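What follows is one structure encoded as structure tokens, with my remarks underneath.
The values are calculated or read from the model by the stated rules, or taken from the named source; none is laboratory data. The shown structure was predicted, so the numbers you read here are calculated from the model rather than taken from an experiment. Using ideal geometry, Cβ is built from the backbone for each residue, glycine included, and neighbour counts are taken over all protein chains shown.
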Amino acid sequence: MKKVLVGGCFDLLHFGHTEFLKTAKSYGNYLVVALESDENVRHMKGATRPIHTQQQRKAMLESLACVDEVMLLPVMKTDAEYAQLVLDVHPQFIAVTEGDPMIDKKRHHANAIGATVVIIPKIHTPSTSQLAKLLDLE
């Protein structure tokens, strides 16, 4: 089995998310999504986020044919916790979006287990934050 690991918030699923996930899955045959906790999303995105709870976001992701497993992440505050997650999942690929600010750390985690980081070009579509503003949710 070739596992692909992706991580993120995936709050308001949109076209960019689904294309990213389908492309990520194409590198292997088992896609694992590490889903950020509500507290981490609030810390990264602001007090009005997430719009959907971690359980709701999990249910949405699990309804996608390309997603094989959704891991609910606990509150994670250190890079060592993310490194342990990568070690536990032991994917062959870690897929990231072009411009990911954590790319260097993800490359380090991948190198530690012999995995490959694949960079997926960004789809030019409104982001979750932009959609939330358009819908007057933020």
Residue hits (segment 38-49; within 19 Å of residue 100 (Cβ to Cβ) and either surrounded by fewer than 17 Cβ atoms within 10 Å (Cβ to Cβ) or not hydrophobic (A, V, I, L, M, F, W, C) (or both)) are 40, 43, 44, 45, 49
Reported set for segment 40-80 where residues are assigned to a helix (DSSP H, G or I) and modelled with pLDDT of 95 or more is 54, 55, 56, 57, 58, 59, 60, 61, 62
Has segment 4-12 got at least one residue that is free of Cβ contacts under 8 Å to residues at least 60 places away in the same chain and assigned to a helix (DSSP H, G or I)? no
Name the residue that is modelled with the lowest pLDDT, counting only residues in segment 81-111 that are part of a helix (DSSP H, G or I) and of a type in the set (Val, Ile, Thr). 103
